[in-house]
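Single-structure report; data block below.
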Amino acid sequence: MATWNLSRTKQHVFLCNGGSCTRAGAEEVTKAFRAAIKEAGLDDHVHTTKTLCNGRCEDSCVLIVYPEGTWYRKVTPQLAEEIVQKHIQNGQPLDASVSHQWGPDGFERSPEAPEGRYKSEKKEE
Ligand code: FES
């Protein structure tokens, strides 16, 4: 049980630990990311949350940074450490690993990321 004081939080990072991401190594990604945040002395500034599926399983492992609205794909422990060093500490997103970026018109998808299908196209089962 935890009740953290969030008044110093500047970024909120969602670490997908849904089924597909877990099979792709989400636990190791989560540990590496949290260790890098601690090592950088950013525990009070970056709040992390392990989540269930974020609906982008083909991108496993998925890691999401807010308030920027940057969704990363194919995250490995090494990439997680790089995200801390470049994006979190220096404000430079790793564009080659971004699947979606939030902007004034909504999400912009990277051409490398699979398009996926609209939820409205989901067939009733
Ligand atoms: S399990 Fe991570 S996006 Fe689906």
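Observations on the model:
- Qualifying residue in the range 55-67 (condition: over 17 Å from Gly25 (Cβ atoms) and either hydroxyl-bearing (Ser, Thr, Tyr) or assigned to a strand (DSSP E or B) (or both)): yes
- Gln92 being closer than 22 Å to Ala32 by Cβ and either of a type outside the set (Val, Ile, Thr) or loosely packed, with under 11 Cβ neighbours inside 10 Å (or both): yes
- Count of the range 86-109 residues which are in contact with a His (Cβ under 7 Å, 6 or more places away or on another chain) and within 17 Å of Cys61 (Cα to Cα): 3
- Arg34 among the basic types (Lys, Arg), within 10 Å of the ligand (Cβ to nearest atom) and without any contact (Cβ under 8 Å) to a residue 60 or more places away in the chain: no
- For Cys57, the conditions (1) near the ligand (Cβ under 10 Å from one of its atoms); (2) surrounded by fewer than 17 Cβ atoms within 10 Å (Cβ to Cβ) all hold with the exception of (2).
Every read-out reported here was derived from the displayed coordinates using simple, explicitly stated rules and does not represent laboratory data. Since the structure is predicted, the reported quantities are computational estimates derived from the model, not experimental observations. When we count neighbours, we look across all protein chains shown, and the Cβ atoms used for this are built from the backbone with ideal geometry, even at glycine.
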